[in-house]
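The values are calculated or read from the model by the stated rules, or taken from the named source; none is laboratory data. These numbers come from a predicted model, not from an experiment. For the accessible areas, the whole protein counts, side chains as well, though only heavy atoms, and no ligand, DNA or RNA atoms are used. Shrake-Rupley method; radii C 1.70, N 1.55, O 1.52, S 1.80 Å.
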Amino acid sequence: MDDKLKIGKYEFNSRFILGSGKFSLELIKSAIEEAGAQIITLALRRAYTGEVENILDYIPKNITLLPNTSGARNAQEALRIARLSRELGCGELIKIEVISDSKYLLPDNYETIKACELLEKDGFTPLPYMYADLYAARAMRDAGAAAIMPLAAPIGSNKGLCAKEFIQILLNEIDLPIIVDAGIGSPSQACEAMQMGVSAVMANTAIAEAKNIALMAKAFSLAIKAGREGYLAGLASVSEAKASSPLTGFLRD
């Protein structure tokens, strides 16, 4: 069955996007291999630190980089970071992160909408990170977003699908890939998100803070595949108790 993740002109077999923000460099490669991920996010400041080693030395060449605009506080800063990323060879696929509040670390949906429009006009394929708001998601779609990346819970919290009901609204109403990003804390939560019908899951903290990073990456990969197949198979409806096979009535015949 042809069930590829399609983002703009790009196609992927894996629906697991791996974040790299909290990994130690020596574990990056093994985590990617165990996860079977084909996309890894990348903060520009981690890739070009001026040190002898950088994160790119540990990412296999066949992996698609998804640089983000981490550190941007408004749309213009996001555009500058994206252009620098492209000049350094990271391509046109870009995850927009605009966070102007350092206390709650919530994405600024309004500046993100502006950033989508600026980046799309500049030739990028923008994937906006946002909190799940239908009106903002529609505006991002109309501004040129190739996918929508709502947070499940506050970044780094591992709290799971706190925004589940609002993500479901996006699934119902937005005709773009919905990629759950931030807050997923366990393989079971990733599986639940995929069963809802989201196109992919991005995880970072839950894997980076595991005792065995490579094994946790593998567990997430299996859970995401299981959740996707459950969604495609069509989950049975929830109901009151009912027998799935005959009870004792036949004994009286």
Taking max minus min of the Cα coordinates of segment 51-173 on each principal axis, largest first, gives extents in Å of 45, 33, 30
Expected vector for segment 89-102, Karplus 3J(HN,Hα) from phi with 6.51, -1.76, 1.60 and θ = phi - 60°, integer Hz, x for Gly and Pro, equals x, 8, x, 9, 6, 9, 9, 7, 10, 10, 10, 9, 10, 8
extent check for segment 141-242: Cα max minus min per principal axis, descending, whole Å, gives 48, 37, 20
Rounded to two decimals, the Debye log10 I(q)/I(0) of the chain (Cα scatterers, no solvent) at q = 0.12 Å⁻¹ is -0.66
Kirkwood radius from Cα pairs of segment 163-214 plugged into Stokes-Einstein at 37 °C, 0.692 mPa s, gives D in µm²/s equal to 281
In nanometres, the difference between 0.36 nm per residue of separation and the alpha-carbon distance of E165 and L84 is 25.5 nm
Counting only residues 5 or more apart in sequence or on a different chain, those whose built amide H sits under 5 Å from that of A43 are N68
With all protein chains in place and a 1.4 Å probe, R141 shows an accessible area in Å² (nearest 10) of 70
Residues whose modelled amide H sits under 5 Å from the amide H of Q38, counting only those 5 or more places away in sequence or on another chain, are S14, F16
The answer for the chain, accessible area per residue at 1.4 Å probe in Å², is 51
Expressed in µm² per second, the diffusion coefficient of segment 97-152 from the Stokes-Einstein equation, with Rh the Kirkwood radius over alpha carbon pairs, at 37 °C and 0.692 mPa s, is 298
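Under the 0.36 nm per residue contour assumption, what length would be gained going from the current alpha-carbon distance of K29 and D175 to full extension?
The span from K29 to D175 would gain 49.2 nm if fully extended.
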Relative contact order in percent for segment 41-161 (Cα pairs under 8 Å, 6+ apart) equals 19
Counting only protein heavy atoms with a 1.4 Å probe and every protein chain in place, the carbon and sulfur fraction of the accessible surface of the chain in whole percent equals 51
Full extension between N74 and N158 adds, at 0.36 nm per residue less the Cα distance, a length in nm of 27.6 nm
So, relative contact order of the chain in percent, Cα under 8 Å, 6 or more apart, is 17
